[in-house]
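Accompanying notes for the structure given below.
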Amino acid sequence: MTDIDWTQALCLGADREKWFVEGTTADANADRAEAKKTCFRCPIREDCLTSALAEEQGRGESGRFGIRGGKSSKQRYEMTRRRVGAQSKQQRVA
């Protein structure tokens, strides 16, 4: 993986709690939406997501936290599950 210039991250200096909010209240959902909105404007979003997926490799859903690369922990877990499932299917076909 290439070096990531984290100084370009739009989340730097932002309220960290918005990226790691818990619960499903309207306020919690609004904070998550605001964090994701910031991520989608971020110039390093793809690198951040790639980094998160690499760091979380082998972890279950409960071992992932926060919004990273514009995705929630659950979304990143599902991305990994789909990717692993697709790889397994390709191996079966070969």
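Here are some notes:
So that you can scan it fast, the table gives a plain yes or no per residue for (1) out of contact with any Asp or Glu (no Cβ under 7 Å at 6 or more places or on another chain); (2) exposed (fewer than 12 other Cβ atoms within 10 Å of the Cβ); (3) not β-branched (Val, Ile, Thr):
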residue: 9; (1), (2), (3): yes, no, yes
residue: 12; (1), (2), (3): yes, yes, yes
residue: 24; (1), (2), (3): yes, yes, no
residue: 34; (1), (2), (3): yes, no, yes
residue: 41; (1), (2), (3): yes, yes, yes
residue: 50; (1), (2), (3): yes, no, no
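- Some residue of segment 7-29 being at positive phi, outside any helix (DSSP H, G or I) and either modelled with pLDDT under 95 or in contact with a strand residue (DSSP E or B) (Cβ under 9 Å, 6 or more places away or on another chain) (or both): yes
- Selection from segment 59-82 of residues that are among the hydroxyl-bearing types (Ser, Thr, Tyr) and in a loop (DSSP other than H, G, I, E, B): 72
The values are calculated or read from the model by the stated rules, or taken from the named source; none is laboratory data. Note that this is a predicted model, so its numbers are computed, not measured. When we count neighbours, we look across all protein chains shown, and the Cβ atoms used for this are built from the backbone with ideal geometry, even at glycine.
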